[in-house]
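Only one structure is covered here, and it is reproduced in the block below.
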Amino acid sequence: MPEPTEPEPVPPAPGMTISIRSRRDVVVVDPDRFMAAARQAYRAANPGLTEAEAAEAVVDVYDAVHALLDRDGRLVPDGPERTRPGVRVHDRPDGLSPAGWEEQIVIDDPMPLQDYGCFPLEDPFALPSARPQTQV
């Protein structure tokens, strides 16, 4: 079998669009801890709220994910948890088990997201055809 070849270096150029597509998976292992962590994050961002008001504001998975993303920038911070496929981490205070991540760099999308204005793409994660991509 031939040895894989290194891709040619790609120097930056004026006007070049660099897109990062990310996927981070988590598995909910304890829904109550997950919602409690999200409500705590929401209250940290809105210090005047009571627990009851936070519970009214964070009512489902989408609200919880947004509260944690707003606080931390990601759903779960990177941690030392490395497990075998299918094995979950059950003792995290947020009730979530990190389940992998993947990032992809795409060079020269035809237009950056900003340029679509109020007419967003149907699928902003679709890859432009016939463009070089690099897995990280």
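Readers should treat all values here as calculations from the given coordinates under stated rules, not as data from a laboratory. Being a predicted model, the structure only gives us computed values, none of them experimental. Note: ideal-geometry Cβ built from the backbone for every residue, glycine included; neighbour counts use all protein chains shown.
Can you give the net charge of the other residues whose Cβ lies under 15 Å from the Cβ of ALA38, counting K and R as +1 and D and E as -1?
-4
Hey, rough spin-label estimate for GLU51 and ILE105, points 7 angstrom out along Cα→Cβ, what's it come to in nanometres?
Label at GLU51, label at ILE105, 4.7 nm between them.
Treat each spin label as a single point 7 Å out from the Cα along the C-beta direction, and report the ARG71 to THR83 distance in nm.
Rounded to a tenth, the inter-label distance reads 2.1 nm.
So how much slack lies between VAL61 and ALA13, counting 0.36 nm per residue of separation and subtracting their Cα-Cα distance, in nm?
Going from the current span to full extension adds 13.2 nm.
Counting other Cβ atoms within 10 Å, which trypsin sites (Lys or Arg not before Pro) in the stretch 3-46 have at most 16 and lie in a DSSP loop?
none
Tell me the label only: which of [x] 23.5, 79; [y] 19.6, 64; [z] 18.5, 64 is Rg and Dmax of the Cα atoms in Å as calculated from this structure?
Recomputing Rg and Dmax of the Cα atoms in Å here gives the entry labelled [y].
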